[in-house]
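Asker: One structure follows; several queries about it will come next.
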Amino acid sequence: MDPTQKSTVLLILLGLVVNVFSITDSEHCQNVVKKWAFTSLDHEVKEDKHTLKDLLFFLHVPRTGGRTYFHCFLKKLYSNSLECPRSYDKLRFDPSKAKCRLLTTHDDYSVTSKLPRDRTSVVTILRNPVDRVFSTYEFSVEVAARFLVHPNLTSAMQMTGRLRSKTNGVSTLDIWPWKYLVPWMREDLFARRDARKVRGINDIKSSDPYNMEDMAMPLLDYISNPIAHEIVHNGATFQIAGLTNNSCLPEAHEVRHCVEKYKKLGEYVLQVAKKRLDNMLYVGLTEDHRKSATMFANVIGAQVISQLVESNAIGEGAAVNKSEQSTSFSDSELDSNDHQNITSDEMGNEAATLSDDNEVKQETMSVGKLMETYEVCISSLRKTQARRRIASLKRISPANFTKEARLQVPQMVLQQIQRLNNLDLELYEYAQGVFAKQHEQAAEKMFDPDTLGSMFTYSGGTKLWDVFLWTMPFVLLFIFMLFVNAKRRTLKVKI
């Protein structure tokens, strides 16, 4: 056999080996993903999903407005003593407190493996995936820009380390996914600032904040980076499926790797996520804010109030905390003092955000009162958020993210975002259907006597519905008498 024939045979054999290995790897991945999916669906609790159970788990998908619900709804209902330890941004969930009633966190669905599933209700909010990617990029830049008050990256990291060692507060840098996205963006901003100094660039001519490469990482580079592929794209689907890189499941990394490698396996992940939305007590939509908030108050708020009244816990939890109305989320208000401006700005001011004021006005809570409190709270939070955003973006001026600027992003970039978030797009469309169905059910329940009675309660425990039922016969009699008298007067006039 001549050398040419030998080379041909070797290439054929090598191709066969590679092909066999590829088939084997594909089959292995399919088995891994299918096993996880079937196991996940088997663990779903098939009970009355419309009734609030003992523990409420608010699965907060980043950049969906979940912080607003936490501060302006749930913090008005649940006292601190009813929150699970390390709830929300207090890092990973600690199940040591057996009788906690509220868990609000960026952890994914896998945290339910630590919870009593038969006594846990899950709620979440979803957002249009394209808008969520935009918001994630913008917030990454905004928070990273706060560190530009330092002369260099080393100084910024040293100061951050000293602050975190001196305080028990929680920084944005402690929170998933920002603990990955912000340091990445921070390093990039410092590198670009150093490059501008070397090249002597002082004036940025570009008018597109999403493609201002001399100032910040362009949006296209951001969405194309492996870090974004790992954390941002299809993030809502993976979070609800329990498969983020922050997952409690030991098999999560392998399942996610297989889905990334063989895209068709994403259908299994999508089916699990859809099933979990079906079984949730509430699914809200960021874009349909007004209707979502109203439904949250009537579906979740009414049941929480009823539970806490029965357990005599409403007095401490369902109160209007004036101090919270003037604080913000992970991007809370800048202090006027220069030194505090640096420290609280960089660290996200989580300690101040989550601190509690002992001067709490005790009031009996109702759904109506809850909505009134929510309106005041959200107005304050939005103003605070806007002030801090403006202060941060001044450090990378002329970059300024607005809704108008988003409209100028090239269609090619938008199509890329859609392609990279195909699972999230399908899940969001499904969530819209779930939301519409839940809204119909909530509207029907509004006319149920028991629901109306539980929504309005006197401090003494007497329900307005009961009063209404007792007085209705007298009211009807009074109306009838008025009608009869009016009829008689009409007859006299005609005569």
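Only the coordinates and a few stated rules stand behind these numbers; no lab work does. Since the model is a prediction, treat every value here as computed from it, not as a measurement. Every residue, glycine among them, receives a Cβ derived from its backbone with ideal geometry; neighbour counts consider all protein chains shown.
Asker: Determine the distance separating the Cα centre of the range 186-201 from the Cα centre of the range 144-165; give it in Å without decimals.
Answerer: 16 Å
Asker: Which trypsin sites (Lys or Arg not before Pro) in the range 195-291 sit in a loop by DSSP (not H, G, I, E or B) and have at most 16 other Cβ atoms within 10 Å of their own Cβ?
Answerer: LYS205
Asker: Points 7 angstrom from Cα along the Cβ direction at ALA443 and GLN30: gap in nanometres?
Answerer: About 4.5 nm separates the two model spin labels.
Asker: Can you give the net charge of the other residues whose Cβ lies under 9 Å from the Cβ of ASP54, counting K and R as +1 and D and E as -1?
Answerer: Residues near ASP54 contribute +4 overall.
Asker: Using 30 Å as the Cα-Cα cut-off, could you pick out the over-long pairs in LYS53/LYS76; LYS35/LYS76; LYS179/LYS394?
Answerer: LYS35/LYS76
Asker: Another question about this same structure. Could you list, in their original order, any pairs among LYS99/LYS369; LYS34/LYS274; LYS75/LYS369 whose Cα atoms are separated by more than 19 Å?
Answerer: Cα-Cα > 19 Å for LYS99/LYS369; rest within.
Asker: Arranged from highest to lowest average of other beta-carbon atoms within 10 Å per residue, in what order do the peptides 392-402, 226-236 appear?
Answerer: 226-236, 392-402
Asker: Which entries in LYS49/LYS261; LYS264/LYS291; LYS49/LYS114; LYS264/LYS437; LYS275/LYS383 show an alpha-carbon gap greater than 31 Å?
Answerer: LYS49/LYS261; LYS264/LYS291; LYS275/LYS383
Asker: How far apart, in nm, are two points set 7 Å out from the Cα along the Cα-to-Cβ line at ARG162 and at GLU251?
Answerer: Between ARG162 and GLU251, the label points sit 4.9 nm apart.
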